[in-house]
Each structure stands twice: as C-alpha cells, then as structure tokens.
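Below: one structure, written as structure tokens.
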Amino acid sequence: MEVTKRLTFGTLPRAIDVHNGKLVVGLRTGQIIECDLESEEMTPLMTSHNDGEVWGLAMDDAHVYTSGDDNQVIMWDPMSRTKVKIGIVTDAERKAKRNRASTLGSKPDS
C-alpha cells in the first residue's frame, strides 16, 4: 500500500467514509468534517460536546445554550447549526469517585 496523500485533523479520527471525491471524518472531539480530496478544503458539518453527556439546555430568541460533562458552555446558532462561542468552566481533571453517581466525562463536578 502506498500513501498518496496525508491529511491532518488535529485529533483522532473515529469514523471515515469517502464518496465522489469527498472525505467525511468523524473525530474524537465530536466534530464531523467534510474534506474535499482535491483541494483539501475542510468544512465542519457538525460539532458537539466532546466528553461525556450534555446536562444543561437553555435558549433565547436567537441562540441555544448547552453545558456538559466536558465543562464547556456552548452557544449555538440553530439556523446555521454551528457553534458561536465556547466558555470553559474548568480544565481540571478528576477520577471517578466510588459509590457516587456515574458520569461519562473525565472533568470534575462544576
């Protein structure tokens, strides 16, 4: 097998598909990226919280807000289905406590 092209996504790809010159990659961060194989232009198609579960949801007239185990608060534009802003609550790591409610995330309670 010969390598003819190398693309870097900045994180581990979890799923890959290719069709009609377009590469679609699901990343470990929760993003789905479409890459044109000829121009190598990358377009985010979808993005999400990247660690654990989403616990908070709110909205106003223009945006939807979510918070999750990854200690991020994200402002979304529902019309374009994109992230507008990201707020980081903490970057501290934690280990799961025994005999406590479980979480899928690796961040501490906030």
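The table for this structure:
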item: Matching residues in the stretch 54-74 - criterion: being farther than 26 Å from residue 17 by Cβ and touching an Asp or Glu at 6+ places or on another chain (Cβ under 9 Å); result: 55, 62, 63, 64, 68, 69, 71, 72
item: Condition broken by residue 34, with the remaining ones in (1) at pLDDT 90 or above; (2) on the phi > 0 side of the Ramachandran plot; (3) touching a Ser or Thr at 6+ places or on another chain (Cβ under 7 Å) satisfied; result: (2)
item: Every pair of residues 6+ apart whose Cβ atoms lie under 7 Å, when the first sits in the stretch 37-60 and is within 16 Å of residue 86 (Cα to Cα) and among the hydroxyl-bearing types (Ser, Thr, Tyr) while the second is surrounded by 12 or more Cβ atoms within 10 Å (Cβ to Cβ) and at pLDDT below 80; result: 47/30; 48/30
item: Residue that is farthest from the chain's Cα centre (by Cα), among those in the stretch 10-32 that are surrounded by 16 or more Cβ atoms within 10 Å (Cβ to Cβ) and over 19 Å from residue 74 (Cα atoms); result: 23
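The values are calculated or read from the model by the stated rules, or taken from the named source; none is laboratory data. This is a predicted model, so every value here is computed, not measured. Every residue, glycine as well, gets a Cβ built from its backbone with ideal geometry; the counts of neighbours run over all protein chains shown.
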